[in-house]
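Student: Okay, handing you the structure first.
All of the numbers you see were taken from the coordinates with simple rules; none came from a lab. Because the structure is predicted, anything quoted here is derived from the model rather than measured. Positions of Cβ are backbone-derived with ideal geometry, glycine not excepted, and every protein chain shown enters the neighbour counts.
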Amino acid sequence: MDGLEPLKKKYLDGIMAASDESALEDLRLTAVGKKGEVALKMRELGKMTPEERQVAGPALNALKDEINSALAARKAALGDAALEERLRTEWLDVTLAGRPARQGTIHPVSQVSEEVTAIFADMGFSVAEGPQVESDWFNFDALNIPPEHPTRTEMDTFYMHRAEGDDRPPHVLRTHTSPVQIRHMQEFGAPCRIIAPGRVYRADYDQTHTPMFHQVEGLALGTDLSMANLKWVLEEFFSAFFGIKVKTRFRASHFPFTEPSAEVDIQCSWVNGQLRIGEGDGWMEVLGSGMVHPKVLAAGGVDSDAFQGFAFGMGIDRIAMLKYGIPDLRAFFDSDLRWLRHYGFSTLDQPNLHGGLNR
Ligand code: DAH
């Protein structure tokens with residue numbers, strides 16, 4: 001058959017020179033595709049004599065095989081080259097340092113709650129909790145605050161809405177952590193030593209008041225407890241918390257749930273407009289406290305002839321502001337990232353008595 005040699009040379013050269021897979025595919029179609037040149041030649045076989053066909057048939061088949069294997073070989077070679085190229089250009093330096101990711105911070109309220117808990121835990125107090133939606137009996141009556149008592153309005157209480165016909169007892173957003181005292185006494189009785197940190201709510205908003213804020217309640221009951229123990233515990237606490245020996249001053253006061261009651265000031269001074277805790281002859285009010293009223297013990301199911309004790313309540317946000325020099329309470333709850341980054345704490349900065357809180 002004529003012309004097979006030039007055909008073979010044309011395609012084998014073309015295949016060797018093809019620079020990518022699509023050029024190879026074009027060559028495959030024009031050479032050995034259904035309507036390619038080899039197929040056209042095959043059609044000529046019909047017009048040949050049997051003798052001619054016996055020579056031309058195998059020659060055409062051999063050509064077809066040769067082109068197909070050249071195509072396969074070139075395709076493999078191109079694939080290897082492409083892989084080589086990727087390996088050469090797409091390398092990655094796994095020894096490079098990672099890009100720093102922004103870390104969140106611990107909120108001052110969380111940090112200070114942990115600090116308070118660590119210090120009181122060291123004096124044998126455990127942590128108790130109660131609900132934030134509280135019945136008005138636990139929030140008021142059980143704490144010796146009868147319905148007509150002015151405290152109920154003074155505390156700017158949020159009352160829960162009640163649908164008509166709802167005969168469940170009235171509920172409030174707890175205005176203080178003191179109801180946890182009652183719940184704890186009812187469940188565990190006396191003696192006891194607990195603190196109860198948590199959220200409380202009052203309808204009030206200015207530089208030092210937000211409708212939600214945090215308190216920590218303290219309650220210690222025993223058979224031989226007095227105001228002297230209260231004073232020692234508080235001085236011990238403030239000294240550990242502020243990291244300097246802090247004196248306290250007790251001022252006679254009145255709370256329905258304690259008798260006698262005292263407001264407690266801590267020693268401080270103002271130097272050039274700057275507050276210094278634990279020095280000087282100024283005083284700053286920080287909490288309310290007293291000896292638990294017998295009626296409160298009774299509401300908690302504790303025998304007031306056998307047990308007595310002290311209680312106190314203070315603002316967590318407030319002592320956080322004092323310790324860390326934070327001027328405005330409202331910013332605590334704005335979720336402003338700049339504020340959180342500035343006043344927040346590292347997750348590694350775990351409060352404990354070996355790491356800066358000294359007792
Ligand atoms: N519950 C009071 C308040 O919210 C604080 C307080 C005062 C708590 C005296 C006490 C206490 O346990 O004895 O203002």
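Student: Which of the three applies to region 173-247, rounded, prolate or oblate, going by the alpha-carbon gyration tensor with a ≥ b ≥ c and a/c under 1.5 meaning rounded?
Tutor: oblate
Student: Same structure, new question: Work out the FRET efficiency for ASP206 and ASP20 from their Cβ-Cβ distance, taking R0 = 56 Å, and round it to the nearest 0.05.
Tutor: About 0.15, to the nearest 0.05.
Student: Something else now. Near the amide H of LEU353, under 5 Å away, which other amide H atoms are found, from residues 5 or more places off or on another chain, if H is placed in the peptide plane?
Tutor: Here the answer is none, since no amide H 5 or more places off falls under 5 Å of that of LEU353.
Student: Say each of ALA228 and LEU40 gets a label point 7 Å from the Cα, pointing the same way as Cα to Cβ; how far apart are those two points in nm?
Tutor: 12.0
Student: Here's something else I'd like to know. Would you mind working out the magnitude of the charge dipole of region 230-359 relative to its Cα centre, with +1 at each Lys and Arg C-beta and -1 at each Asp and Glu C-beta, to the nearest 20 Debye?
Tutor: Roughly 300 debye for region 230-359.
Student: Principal axis extents for region 1-109, Cα atoms only, whole Å, descending order, please.
Tutor: 102, 26, 16
Student: Within region 309-337, find all residues whose amide N lies under 18 Å from a label point positioned 7 Å from the Cα of ARG199 along Cα-to-beta-carbon.
Tutor: Only 315-318, 329-336 pass the distance filter.
Student: Distance from the Cα centre of region 50-115 to that of region 284-359, in angstrom?
Tutor: Each part's Cα centre sits 62 Å from the other's.
Student: Something else now. Along Cα→Cβ, 7 Å out, is where each label goes; now give me the distance between the ones at ARG99 and THR49 in nm to one decimal.
Tutor: For the pair ARG99/THR49, the computed spacing is 8.0 nm.
Student: List the relative contact order of the chain as a percent without decimals, with contacts defined as Cα pairs under 8 Å and 6+ residues apart.
Tutor: This gives 17 percent for the chain.
Student: What residues have an amide H closer than 5 Å to that of HIS293, excluding those fewer than 5 places away on the same chain, when H is modeled at 1.01 Å from N in the peptide plane?
Tutor: THR258, GLU259
Student: With the Cα gyration tensor of region 108-343 giving a ≥ b ≥ c as the square roots of its eigenvalues, does the rule (a/c under 1.5 for rounded; else a/b larger than b/c for prolate; else oblate) give rounded, prolate or oblate?
Tutor: Since a/c reaches 1.5 but b/c is at least a/b, the shape of region 108-343 is classed as oblate.
Student: Continuing with this model, one more query. Over the C-alpha atoms of region 120-196, what are the Rg and the largest Cα-to-Cα span, Dmax, in Å?
Tutor: Cα radius of gyration and Dmax of region 120-196 are 14.3, 49 Å respectively.
Student: For the chain, what does the helix formula give at 222 nm: sum of -39500 (n - 2.57) over DSSP H segments with n ≥ 4, over the residue count, nearest 500 deg cm²/dmol?
Tutor: After summing the helix terms and dividing by residue count, I get -12500 deg cm²/dmol.
Student: Excluding same-chain residues fewer than 8 positions from LYS247, which lysines have a Cα within less than 19 Å of its Cα?
Tutor: Correct list for LYS247: LYS231, LYS323.
Student: While we're on this one: Mind checking which lysines have their Cα closer than 23 Å to the Cα of LYS47? Skip sequence neighbours fewer than 8 apart in that chain.
Tutor: Within the straight-line cut-off, LYS47 pairs with LYS8, LYS34, LYS35, LYS64.
Student: Residue-wise, which Karplus ³J(HN,Hα) couplings in Hz belong to region 231-240, taking 6.51 cos²θ - 1.76 cosθ + 1.60, θ = phi - 60°, and x for glycine or proline?
Tutor: For region 231-240, the Karplus-derived couplings read 5, 5, 4, 5, 5, 4, 4, 5, 5, 5 Hz, x marking Gly and Pro.
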